[in-house]
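Working notes for the structure below.
The values are calculated or read from the model by the stated rules, or taken from the named source; none is laboratory data. Keep in mind that what you see is a predicted model, and the values were worked out from it rather than measured. Note that each Cβ is placed from the backbone with ideal geometry, even for glycine, and that neighbours are counted across all protein chains shown.
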Amino acid sequence: MEEKRIIPGEVLRDFSLIDQDKGEWKLSAFKGKRVLLSFHPLAWTQICADQMKCLERETSALESLDTIPVGISVDSVPCKAAWARELGLSKLRILSDFWPHGQVAGEMGLFREKEGFSERANILVNEQGIVVFVKVYPLTQLPDLKEVMDFIRELHHSGVEGNVPAKHCIVDLEGKAVCLEDSKNTGIQSTSERHLD
C-alpha cells in the first residue's frame with residue numbers, strides 16, 4: 001500500500017539508518033539543527049553520483065548554516081561503502097534504507113514500489129523536526145542544490161535577524177505546491193511569510 005507523500009508542516013517521525021561506515025545515524029540526534037535528506041534512487045548511476053558529489057562539495061557551507069546534509073537510497077551498506085570510496089566522499093554521510101527495504105522512503109511516500117527504489121527528492125527538516133521543504137525531481141534531473149541552499153539561507157537569516165519565521169508552502173489540489181514568489185515553479189517548495197505581504 002502506497003503511503004501518503006509527506007508535505008511541509010508535518011512532523012517527521014524519528015528514524016535511524018546505517019551509513020557507509022557502519023555507523024548509526026539517527027534523526028533525533030540532530031534536534032536543534034536543520035537536516036537535509038537527499039533521496040536518490042540507486043548508487044553507481046551517474047545522476048545519483050553527481051547529486052552526492054554536489055552535496056559533498058557543499059557540506060561545509062550547509063553545516064555553516066546549521067544544516068546537516070545526508071544522502072539516502074535503498075542500497076546496502078557494503079554497496080554504499082564502495083560507492084563512497086569511488087566518489088571520494090569524506091564529509092558526507094550516505095545512509096542505507098536497505099532493510100526493511102525502502103521503509104524510510106516509504107513512510108514519506110517516496111518509495112517507488114514498481115521499481116523498488118525511492119524518488120529523487122530533497123526534504124528539509126527544521127530544528128524542531130518539522131518538514132519545511134519538499135521537492136521531488138524527475139529521475140533524470142539533477143536536483144538544484146542552490147535552490148535549497150537559498151531557501152536555507154533565508155530561514156537562517158530570518159532566525160538570526162529576528163525577522164518573521166518561515167512559513168510553509170501552499171499545496172494545490174493535486175498535491176503540488178506553488179511558491180508564492182514564483183508561480184512558474186513546479187514540484188513542492190516552501191516560501192517565507194514575507195512573500196505574503
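Checking each residue in the stretch 13-31 for being over 16 Å from the mean Cα position of the chain (by Cα) and in contact (Cβ under 8 Å) with a residue 40 or more places away in the chain picks out Ile18, Gln20, Asp21, Lys22, Gly23.
The strands (runs of 3 or more DSSP E) located wholly in the stretch 12-102 that include 2 or more residues which are within 21 Å of Tyr137 (Cβ to Cβ) occupy 34-39, 67-73, 93-96. In this entry, Leu92 passes the filter for residues that are touching a residue at least 24 places away in the same chain (Cβ under 8 Å), closer than 13 Å to Leu55 by Cβ and either crowded, with 21+ Cβ neighbours inside 10 Å or not β-branched (Val, Ile, Thr) (or both).
Select from the stretch 103-127 the residues that are under 25 Å from His156 (Cα atoms), out of contact with any Asp or Glu (no Cβ under 8 Å at 6 or more places or on another chain) and either assigned to a loop (DSSP other than H, G, I, E, B) or aromatic (Phe, Trp, Tyr) (or both) and list them in ascending order. Hit for the stretch 103-127 is Asn126, nothing else.
The listed residues are Lys22, Lys26, Lys31, Lys4, and the only one of them that is in contact with a helix residue (DSSP H, G or I) (Cβ under 9 Å, 6 or more places away or on another chain), basic (Lys, Arg) and farther than 15 Å from Val148 by Cα turns out to be Lys22. Any residue that is at pLDDT below 95, assigned to a loop (DSSP other than H, G, I, E, B) and farther than 24 Å from Asp14 by Cβ - is there at least one of those in the stretch 145-163? Yes, that holds for at least one residue.
Any residue at all in the stretch 128-137 that's basic (Lys, Arg), at pLDDT 90 or above and in a helix (DSSP H, G or I)? Within the stretch 128-137, not a single residue is basic (Lys, Arg), at pLDDT 90 or above and in a helix (DSSP H, G or I).
Within the stretch 95-126, the set of residues being aromatic (Phe, Trp, Tyr) and surrounded by 20 or more Cβ atoms within 10 Å (Cβ to Cβ) comprises Phe111, Phe117. State yes or no: is Pro8 assigned to a loop (DSSP other than H, G, I, E, B) and crowded, with 17+ Cβ neighbours inside 10 Å? The answer is yes for Pro8.
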